[in-house]
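Engineer: Take this structure, written in structure tokens, and hold onto it; I'll ask about it next.
The values are calculated or read from the model by the stated rules, or taken from the named source; none is laboratory data. The structure displayed is predicted, hence computed values, not measured ones. Ideal geometry is used to build each Cβ from the backbone, glycine not excepted, and the neighbour counts take in all protein chains shown. We work out accessible area using only protein heavy atoms, side chains counted, and drop any ligands, DNA or RNA first. Shrake-Rupley method; radii C 1.70, N 1.55, O 1.52, S 1.80 Å.
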Amino acid sequence: MINTDPVVTALRGETLKSERFRPSQVDLSQPFVESEKSIADDRDETTVHDEGRMETARLTPKFPAESNVTAIDATGLVLGVIPDGFVAALRASIITKTPENKHMLEHYGPYLVAVTTTNIDVIYQTLYRAVYGDTPPSSQSPKLENILDTVRNLLERYLQMQVATRSNRTIILLDGSLIGIIVANPSSYVRRIIDKSAENQNSLVAISKTTGLILERSHRSILSLLEGVLGPCYVGDIRSHIQQQRERYLGDIYVAKFTPLGEPFRIDIPENTPTSHADLLNAVAGLAGDYGYPEELRLAHMTCVFSAIEILELQAAAVAFHNLVMEEEVDVRQKIFPF
Amino acid sequence: MYLLSKQADDLWVVFSPDEKLKLGDTIKIEDIVAQVVEIQFADLPGVLQHILRKSLIPVSDTTEQIQPEVKSIIGSLADQKVALAKIRGRIVETGGNKNRAFKTGISEFTLSRAKSKIEVMDENELFQLLGMSSDQPSPFAQTLSTSAKPYTIPLDQLGINVITGMKGSGKSYAAKRILLELIKHHVLTIVFDVNGEYLNLWKKDLNQPNEFMPYIKVLTPHIRNAQGAELPLVIPLNEISYDDFAQSMSVPEGNPSYQHLMQFWKQWSGKQFDLNDLEAYVKDTSNVPNEAVRIALQGRVESARASGLFGPSSITDLIKQLHESGGAMIYNLSTVSSWERRIIVEFTLRKLAHLGQTKLIRAVSLFLEEAQLYVEPANMINILTRMRHVGVFPTFITNDPRTLPDEVFTLLDNMITFGFRNEDELKQLAKSGLVDTLTTDVLRNLETRQCLAIGRITSNYPLFLEIIPQSGVVMGGESRKLVP
């Protein structure tokens, strides 16, 4: 298991004192609660010049039977609100497929984090330092509405670095992209993850379901490049068609469909992988299940999201740990307009 | 614990993993007394998906790092349980001294889901309410509850009793425990032992007698000499009918030999006679002129003599003696034919009825193991009704309650039931009216030597018990193993 003490200590912060707590609504008829990752790795739209032909190449799926494959995912969820803040839970999963085709799961969390306008800077700076070893630029403190996703992202990057460090000759699958120069993902740190992976003969593959890269002519997402095209196939190299701020993109960018009728995904692969990109894409295609998503990444996602039952338990844990006082949610409209 | 719902006399109670509740526990909700008869997981929406998700990766391949303050709570909601408790009655205050008593039934329901406190009732308090004491030196069993308590059968409350349960569930063991207690209380018990289960009760181990030896006699047919506690079982010829004798000697009804036997019995009616008298009758050619018939009858007489079953008997004196001191007469019916079994039992029952009617005995306990093997249903009803009035208290011990007539269950005073799985057998038990079907369903989950006792011996409150082992007595019968 990875030592997450530095991160957990930063998350724990100080215990709240008898704050009023309004728990988030939990609908038990929805067994699992998804939370969108709002930190888009490429938040702003970037234009991809598509005047030249972008060739589509076929993929030959090849299951990487003799390789370790590791997938990492993390999730965060608001458990309820307190005056000037909220209490949330975070969890990360690392799934590893062994050469014997066995799947192992490492669960990190749930971790409780209580954030208010008073402690947001302390939590952010402590966590940033624990992960990146550096103080964040003071001009860019996150807002309360974004802090949870920032914290989740920091936890995920920390684990990505740890996995890159401890693994050898492993295909490492990440949810997201390899992009730097934004507060949450300093390019130096993402670069370090990439370099550490290469040093240990690991192959990093980042997979995104969405992207801000837009085709210049059609003004549509680059994922539309494979619209109506039967997979498995891919289009690359997209990065060479980006002119603005190309240096943000720390890997070659592809759009790929890993199964005949699968969804298209954006794929970022660093230049310095020990295996060729074509072979890597074939290996990822070999791992793809239904809808064309790699099975290990799917398992990592499925095992880290919170079930409705877990959310109720975590709300109880938050109340007990922080000595919170439960307060039922008041529907103001109901109050004003009872009939 | 929280009250979830009520339907008729069923209460549903939610409780968390760290609250201890067992089948058979009595719970108190304000003044209402209910008994737990079923425990299930609380049915939560989404719990199936929650568990299926956990099952994606085996536990052995999963490692976790959970924050300590969260760890104890994770999993607790999925482990919440619901107990179904049967309302048994309520606690009422009686008299000026505010004594508390237990009353069955409830006529008003004032419990609150939010405010009513639910607690497991202490067995001492329950026993006190039921007017049962338990501070006896050798308790019969202990209660199957979170706080187990010794339980002693109040022997004076034994009337018409049934002890039943699947083969191997512990019913004969319980019957033997009761028998030994009856001996200690100077009660005579007659046991019809079809499986040879009671033969060693006078032994401490296979080589030594125990303290009960002077009071236990094993009556075995077809043996000549007494040995240890074993005595020959002999029936006086004049105390059985010609038909019984004919059946046991394979003399077909209606043939000349049968006619002669009938004639002999008629001639000697009201008098004492034995095989010598029958032999003399047969040898007399004026009684049996046909030589072939004479030879056949002579052969039967010799067979009867060789069997050792017929002859002068001291059973009456033995009954009187053991009735005085307390004891047990074990009729070893494991080695005899079905006809002989029937003859022996009917002879004994007639003897007991006569001794009871003439007040030569006050009362005896009668244990009938698998009575359907030797007592006609009509005779069972006779045992229940007539013989009770002459001081015979029957206890029916059986693997299958369906072999007993319904009248046994409707007239029952006490029932001790061990494990059952079969639906029909469980339904038969409910005919007693002593227990509801939901409570009898608990019998499916009982382990060996665990039982449900209800009736006058438990102040009509269903008690789940585990029989306490007996020391110093060989409780098993004589059985041979197929594989040495």
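Engineer: Only Cα pairs under 8 Å and at least 6 apart count here; give the relative contact order of chain B as a rounded whole percent.
Structural biologist: Rounded, it is 20 percent for chain B.
Engineer: Then there is this: Given Cβ point charges of +1 (Lys, Arg) and -1 (Asp, Glu) and nothing else, what value in debye, to the nearest 20, does the dipole of the protein assembly as shown about its Cα centre take?
Structural biologist: 1840
Engineer: With a 1.4 Å probe, what is the total accessible area buried between chains A and B, in Å² rounded to the nearest 100?
Structural biologist: So the buried area, both faces added, is about 2600 Å².
Engineer: Among B:Leu452, B:Pro139, A:Leu250, whose Cα lies farthest out toward the positive end of the dipole of the protein assembly as shown, if unit charges sit on the beta carbon of Lys, Arg (+1) and Asp, Glu (-1)?
Structural biologist: B:Pro139
Engineer: Here's another thing I want to ask about it. So what is the diffusion coefficient of the protein assembly as shown in µm² per second by Stokes-Einstein at 10 °C and 1.306 mPa s, using a Kirkwood Rh over Cα pairs?
Structural biologist: 46
Engineer: Averaging over all projection directions, find the projected area of the Cα convex hull of the stretch B:374-451 and quote it in nm² with one decimal place.
Structural biologist: 5.4
Engineer: A further question on this structure: Roughly how many percent of the accessible protein surface of the stretch A:1-158 is carbon and sulfur, given a 1.4 Å probe and a whole-percent answer?
Structural biologist: Carbon plus sulfur share of accessible area: 46 percent.
Engineer: Over the residues of chain B, compute the C-alpha Rg and express it relative to 2.2 N^0.38 Å.
Structural biologist: Compactness ratio reported: 1.26.
Engineer: Before I look further, what does the protein assembly as shown give for accessible area per residue, probe 1.4 Å, in whole square angstrom?
Structural biologist: Roughly 46 Å² per residue, with all protein chains present.
Engineer: Run the numbers on the stretch B:35-56: which residues show a drop of 10 Å² or more in accessible area, chain on its own versus all protein chains together, using a 1.4 Å probe over heavy atoms?
Structural biologist: The answer is B:Leu44, B:Pro45, B:Gly46, B:Gln49, B:His50, B:Arg53, B:Leu56.
Engineer: Mind checking the mean number of beta-carbon atoms from other chains within 10 Å of the Cβ atoms in A:106-118?
Structural biologist: Mean shielding by partner chains, rounded to a whole number: 3.
Engineer: Could you pull out every residue, at least 5 positions away or on a different chain, whose amide H is within less than 5 Å of the one on B:Ile27? Hs are placed 1.01 Å off N in the peptide plane, and Pro or chain starts have none.
Structural biologist: Those qualifying (amide H under 5 Å, at least 5 residues apart or on another chain) are B:Ala34, B:Gln35, B:Val36, B:Met121.
Engineer: So if I place +1 on the C-beta of Lys and Arg and -1 on the C-beta of Asp and Glu, and nothing else carries charge, what would the dipole magnitude of the stretch B:181-325 be about its Cα centre? I want it in debye, nearest 20.
Structural biologist: Numbers: 12 positive and 18 negative charges, 39 e Å.
My answer is approximately 180 debye.
Engineer: Separate question: Cα-based Rg (one decimal) and Dmax (whole number) for the stretch A:65-160, in Å?
Structural biologist: Radius of gyration, then largest Cα-Cα span, for the stretch A:65-160: 16.0, 53 Å.
Engineer: Report, to one decimal in Å, the Kirkwood hydrodynamic radius for the stretch B:291-398 based on all distinct Cα pairs.
Structural biologist: Final number for the Kirkwood radius of the stretch B:291-398 is 15.6 Å.
Engineer: I would also like to ask the following. In whole Å, what are the extents of the stretch B:1-68 along the principal axes defined by its C-alpha atoms, from largest to smallest?
Structural biologist: Computed over the Cα atoms, the extents are 49, 25, 20 Å.
Engineer: I would also like to ask the following. Tell me, what is a quarter of the convex hull surface for the C-alpha atoms of the stretch B:1-144, in nm² with one decimal?
Structural biologist: 13.5
Engineer: Let me ask something additional. What's the average, rounded to a whole number, of partner chain beta-carbon atoms within 10 Å of each residue's beta-carbon in B:160-169?
Structural biologist: On the way: counts 0, 0, 0, 0, 0, 0, 0, 0, 0, 0.
Averaged over the peptide's residues, the number is 0.
Engineer: A follow-up question, please. Near the amide H of B:Val364, under 5 Å away, which other amide H atoms are found, from residues 5 or more places off or on another chain, if H is placed in the peptide plane?
Structural biologist: Amide H to amide H, under 5 Å and 5 or more residues apart or across chains, B:Val364 pairs with B:Val392, B:Phe393.
Engineer: Given the stretch A:225-278, report the % of alpha carbon pairs whose separation exceeds 16 Å.
Structural biologist: 46
Engineer: Related question: Where does the Debye-calculated log10 I(q)/I(0) of the stretch A:113-230 sit at q = 0.10, 0.18 Å⁻¹, using only Cα point scatterers of equal weight, no solvent?
Structural biologist: -0.40, -0.99
Engineer: Right, something else. Of all beta bridges DSSP finds with both residues in the protein assembly as shown, what is the antiparallel percent, to the nearest 5?
Structural biologist: 65
Engineer: With no solvent and one point on each alpha carbon, what is the Debye value of log10 I(q)/I(0) for the stretch B:118-221 at q = 0.15, 0.24, 0.25 Å⁻¹?
Structural biologist: Relative scattering, expressed as log10 I(q)/I(0), comes to -0.79, -1.46, -1.51.
Engineer: Sum -39500 (n - 2.57) across every DSSP H segment of at least 4 residues in the protein assembly as shown, then divide by the residue count to get the 222 nm mean residue ellipticity, nearest 500.
Structural biologist: After summing the helix terms and dividing by the residues of the protein assembly as shown, the value is -8500 deg cm²/dmol.
Engineer: Taking θ as phi - 60°, what are the ³J(HN,Hα) couplings along the stretch B:104-110 by the Karplus curve (6.51, -1.76, 1.60), each to the nearest whole Hz, with x for Gly and Pro?
Structural biologist: Here the 3J(HN,Hα) series is 6, x, 9, 10, 9, 10, 10 Hz.
Engineer: How shielded is A:87-95 by partner chains, expressed as the average number of their Cβ atoms within 10 Å of its Cβ atoms?
Structural biologist: Partner-chain Cβ atoms within 10 Å, mean over residues of A:87-95: 1.
Engineer: For the stretch B:8-16, what does the Karplus curve 6.51 cos²θ - 1.76 cosθ + 1.60, with θ = phi - 60°, yield as ³J(HN,Hα) per residue in whole Hz, taken in order and with x for Gly and Pro?
Structural biologist: With the stated coefficients, the stretch B:8-16 comes to 6, 9, 9, 10, 10, 10, 8, 9, 8 Hz.
Engineer: Quick one: what are the phi-derived ³J(HN,Hα) couplings along the stretch B:423-437, Karplus 6.51/-1.76/1.60 with θ = phi - 60°, whole Hz, x for glycine and proline?
Structural biologist: 4, 5, 5, 5, 5, 4, 5, 5, 5, 5, x, 7, 8, 8, 5
Engineer: Please go through the residue pairs B:Lys22/B:Lys171; B:Lys81/B:Lys167; B:Lys171/B:Lys427; A:Lys17/B:Lys20; B:Lys81/B:Lys149; B:Lys81/B:Lys171 and name each one whose alpha carbons sit more than 29 Å apart in this structure. Please report the intermediate quantities before stating the final value.
Structural biologist: Values: B:Lys22/B:Lys171 23 Å; B:Lys81/B:Lys167 32 Å; B:Lys171/B:Lys427 19 Å; A:Lys17/B:Lys20 32 Å; B:Lys81/B:Lys149 25 Å; B:Lys81/B:Lys171 32 Å.
Too far apart for the 29 Å limit: B:Lys81/B:Lys167; A:Lys17/B:Lys20; B:Lys81/B:Lys171.
Engineer: Within straight cross-link reach of B:Lys266, meaning Cα distance under 23 Å, which lysines are found once same-chain residues fewer than 8 apart are removed?
Structural biologist: Leaving aside lysines fewer than 8 places away in the same chain, those within reach of B:Lys266 are B:Lys283, B:Lys351.
Engineer: Of B:Leu44, B:Thr26, B:Pro68, whose Cα points farthest to the positive end of the dipole of the stretch B:13-86 (charges on the beta-carbon: +1 Lys, Arg; -1 Asp, Glu; origin at the Cα centre)?
Structural biologist: Going by the charge dipole, the pick is B:Leu44.
Engineer: Given a cut-off of under 8 Å on Cα pairs at least six residues apart, what relative contact order in percent is computed for the stretch B:184-320? Walk me through the numbers before you get to the answer.
Structural biologist: Numbers: 126 pairs, mean separation 32.3, N = 137.
That works out to 24 percent.
Engineer: Suppose we keep just the alpha-carbon trace of the stretch B:46-88; what are its Rg and Dmax in angstrom?
Structural biologist: That works out to 14.9, 48 Å for Rg and Dmax.
Engineer: Would you tally the net charge around B:Met1, using a Cβ to Cβ cut-off of less than 12 Å, leaving B:Met1 out, and scoring K and R as +1, D and E as -1?
Structural biologist: +1
Engineer: Give me Rg/Rg_expected for chain A, where Rg uses Cα atoms only and Rg_expected = 2.2 N^0.38 Å with N residues.
Structural biologist: 1.05
Engineer: Sticking with this structure for a sec: For the peptides A:15-28, B:216-229, B:448-461, A:157-170, what is the packing order when you average, over each peptide's residues, the other Cβ atoms within 10 Å and list the highest mean first?
Structural biologist: Descending packing order for the listed peptides: B:448-461, A:157-170, B:216-229, A:15-28.
Engineer: Rounding to the nearest 20 debye, state how big the charge dipole of the stretch B:350-415 is about its Cα centre with +1 on each Lys and Arg Cβ and -1 on each Asp and Glu Cβ.
Structural biologist: 500
Engineer: Something else about it: Straight-line reach from B:Lys320: which aspartates and glutamates have a Cα under 19 Å away, not including same-chain ones fewer than 8 places off?
Structural biologist: Cross-link targets: B:Glu230, B:Glu239, B:Glu346.
Engineer: Another question about this same structure. Suppose we take every Cα in the stretch A:183-339 and form the convex hull; what volume per residue is that in Å³?
Structural biologist: Normalising the Cα hull of the stretch A:183-339 by residue number yields 245 Å³.
Engineer: Compute the angle between helix B:315-325 and the longest alpha-carbon principal axis of chain B, please, reported from 0 to 90 degrees and rounded to the nearest 10.
Structural biologist: Once rounded, one gets 40 degrees.
Engineer: Below 8 Å, C-alpha to C-alpha, sequence gap of six or more: please give me the relative contact order for the stretch A:1-130 in percent.
Structural biologist: Over the stretch A:1-130, the number comes to 30 percent.
Engineer: Still on this model: Leaving out ligands, DNA and RNA, and with a 1.4 Å probe, what % of the accessible surface on the stretch B:286-379 is carbon or sulfur?
Structural biologist: Roughly 52 percent of what the probe reaches on the stretch B:286-379 is carbon or sulfur.
Engineer: Let me ask something additional. Kindly give Rg over Rh for the stretch B:78-169, based on alpha-carbon atoms, with the Kirkwood expression for the hydrodynamic radius.
Structural biologist: Radius of gyration over Kirkwood radius for the stretch B:78-169 works out to 1.02.
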